[in-house]
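The values are calculated or read from the model by the stated rules, or taken from the named source; none is laboratory data. What you are looking at is a predicted structure, and each value in this text was computed from that prediction instead of being measured. Here the Cβ is made from the backbone with ideal geometry for all residues, glycine too, and neighbour counts use every protein chain on show. Protein only, heavy atoms only, side chains kept; ligands, DNA and RNA dropped before computing areas. Shrake-Rupley method; radii C 1.70, N 1.55, O 1.52, S 1.80 Å.
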Amino acid sequence: MTVEEVIELNIRAQFEIAVGQKQLFYQSRNQVILGKIAEAQDWTFQKRLSHWASLLESLREEFEAYGLDVNFYSNKFSSNPDNLKDIYWDKFLIDWEKANAEKLQDDLSRDIQTQEEGIEALIARTQVSVPKYLEEHKVSENEFVQIWGTMCGRWNAVDFERIRSVVRIQEKYPILLEVAKKMGRIADEESILRFSVASGNTQQVEHSTKSDIKGITVGDNLNQLLPLELTQASDEEMEDLFLYKYATKNLQNFSHRSEVLKPTRSLHIKPARQKGPMILCLDTSGSMVGQPELIGHSMMVKLLEIADAQNRPLYMIAFSVSVNPIDLRKERARMQQFFLKTSVGDTDATKMMEKTFSLLDGNPEYRSADVLWITDFKMPLVRKDLLDNMLNHRYDGTCFYGLRTGLAAEPVWEPYFDKIYDVAIPHFRKYGK
């Protein structure tokens, strides 16, 4: 994919996110109006008598152009107050609801059209200015894709260079790319199908023109006894010996070719595991200041690139004593602000784990997710019920990985993770134990 194509794809993706946010905003407005209509439905007759005039006047400017005939209802209610009791009052509320629906749809369409008109011009401008900058400043394709994914479709050289320094942390610590690749569980990156080999033992009959009997063995199969053993079974004096040999599986049996277990190998095509969501749990306590903090930011950018490329949800839970959850693909502007903050405070994994489990338990699509903790693990174990829940989710298919940015006093967290990776930060190698 060319730089120009990446630019256009990202800008249009941000436009779709903006449209989705607009739709949610107008849905919220609709619920507010529907609530007011429901309240008016429950008004007593006395309240309708005293409030109908002010209500109609408040609706005139906003809804009259969308089919709410304010003058008609004003005449009906003023000429005969009994019209407030039944059919006309109900019809007024129905017309109000219809007018509100039409107005919201019109407002939404107008907002989307306004944004859409500027998209083509924005794409054209960015496709001219960005490639020139990349060439002049020798920005690699990999750097550009990662950085551009954080910029909400808006080009800014200052922010670009700031994020570029974060991305370059990956060159210093190659383990980051290994961990990022691990987070992308998929059997075949190019196909929804994969080949798999099944192995084991099975019973196979060899083709032969001779008898199926292959030899003699020992066991307790009464259907394949040698004649000598049958003779002992029918002899009262030898019966005890027969029973002893049966109990100890030492009866002489015929061995048949059709019963020989042979190793088998078979090639199957099976659906590949679906690319699941990713949850990034980032320690923002004071002990993460410096290189550990930058490592966390760099991993965030890399995982966002993977999430965009594979169309996967990416949820970040920043934690110290409290938690700060961010849907990274939908809230990129918050991600930019996050980079400007400094890690402070103590570390407590309790609230972070509770938030993680609420995602895993409350969203079917989050099952079989990949969860990555980036922390120095300088924190005590949490409550047993949380640890048990973690193990249960692992059993159900969720993978938990850790990226350790320091030397913890004791490796107490290891049994609860699929794997914990260590970043070889020079400072910790020199002064750590």
Flagged as over-length at 32 Å C-alpha distance, from 22/384; 341/419; 91/330; 22/138; 103/355; 138/182, the pairs are 22/384; 91/330; 22/138; 103/355
In terms of the charge dipole of the stretch 1-43, which places +1 on Lys and Arg and -1 on Asp and Glu at the beta carbon, the residue among 2, 15, 43 farthest towards the positive end is 43
Share of accessible surface on carbon and sulfur in the stretch 109-153, whole %, 1.4 Å probe and ligands ignored, is 52 percent
Quick calc, the stretch 299-433, dipole around Cα centre from Cβ unit charges on Lys, Arg (+) and Asp, Glu (-), nearest 20 debye, gives 460 debye
HN-Hα couplings for the stretch 303-313 via Karplus (6.51, -1.76, 1.60; θ = phi - 60°), in whole Hz with x for Gly/Pro, come out as 5, 5, 4, 5, 4, 5, 5, 9, 6, 10, x
With every protein chain kept in place and a 1.4 Å probe, the stretch 1-149 has an accessible area per residue in Å² of 59 Å²
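Work out the FRET efficiency for residue 82 and residue 17 from their Cβ-Cβ distance, taking R0 = 41 Å, and round it to the nearest 0.05. Mind dumping the intermediate values first?
On the way: r = 52 Å, r/R0 = 1.27.
Computed FRET efficiency for residue 82 and residue 17 comes out at 0.20.
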Bounding extents of the stretch 43-188 in its principal axis frame from Cα atoms, largest first in Å, are 82, 36, 29
So for R0 = 56 Å, FRET eff. of residue 220-residue 9 from the Cβ-Cβ r, to 0.05, ends up at 0.20
Ignoring ligands and nucleic acids, residue 338 exposes an accessible area, probe 1.4 Å, in Å² to the nearest 10, of 20 Å²
With +1 on the Cβ of every Lys and Arg and -1 on the Cβ of every Asp and Glu, the dipole magnitude of the stretch 44-90 about its Cα centre, in debye rounded to the nearest 20, is 220 debye
